[in-house]
């Protein structure tokens, strides 16, 4: 089976915070290719991965990194596929450095960026699915169902809260 989405991280220590990416994609029956590749420690391998991604069937690349967070930019510089950066909230700056590094790409090297923190990995997965859903009606339908479920859950929680407040 060809992976349509690849998840790259600069270090295996990042994986526990990125597991929600796998969970979210698997909920949509997408099994990603997952790799540890560093813009600084394995630059040749990272570039080769990006350059060969399309021919392996990858359609969207998710790149997570903290600190200097150069992985997404390096990957984007070596492919024309969509790249989504996931800035990680590493010490000492709590992810501000990673966020700024990820969003400050020079013109011609686009990287879509999600937020720092718990929501970032899930939103990266959902954004990648939305990109695929443009041309894949099955994924688009699952995304519509996901949105409906979110809607219904919020209204259920509101109803429960209203009952609690009035009690």
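Rule-based calculations on the coordinates, nothing more; no lab input. For clarity, every value in this text was computed on a predicted model and none was experimentally measured. Cβ sites come from the backbone with ideal geometry, for glycine too, and all protein chains shown count toward neighbours.
What FRET efficiency do you get for residue 146 and residue 31 if R0 is 25 Å and r is their Cβ-Cβ distance, rounded to the nearest 0.05? Between residue 146 and residue 31 the formula returns 0.90. On full extension, the segment bounded by residue 40 and residue 136 gains 31.0 nm, given 0.36 nm per residue less the C-alpha separation. If R0 is 25 Å, the Cβ-Cβ spacing of residue 103 and residue 160 corresponds to a FRET efficiency of close to 0.10. Working ranking of peptides 121-129, 30-38, 81-89, 12-20 by packing, defined as the average number of other Cβ atoms within 10 Å per residue, highest first, is 81-89, 121-129, 30-38, 12-20.
Across the chain, C-alpha contacts under 8 Å between residues 6 or more apart give a mean separation that, scaled by the residue count, equals a relative contact order of 20 percent.
Each peptide in 2-8, 55-61, 104-110 was scored by the mean count of other Cβ atoms within 10 Å over its residues; highest first, the order is 2-8, 55-61, 104-110. Between helix 43-52 and the chain there is an angle of about 70 degrees, using the helix long axis and the longest principal axis of the Cα atoms.
What is the helix-to-structure angle for 15-27, meaning the angle in degrees between its Cα long axis and the longest Cα principal axis of the chain, kept from 0 to 90 and rounded to the nearest 10? Relative to the chain, helix 15-27 is tipped by roughly 60 degrees. Shape call for the range 13-91 from the C-alpha gyration tensor, a ≥ b ≥ c root eigenvalues: rounded (a/c under 1.5), prolate (a/b greater than b/c) or oblate? Here the range 13-91 falls in the oblate category. Once both axes come from the Cα atoms, what is the angle between helix 137-166 and the longest principal axis of the chain, in degrees from 0 to 90, rounded to 10? With both axes taken from Cα atoms, the answer is about 40 degrees.
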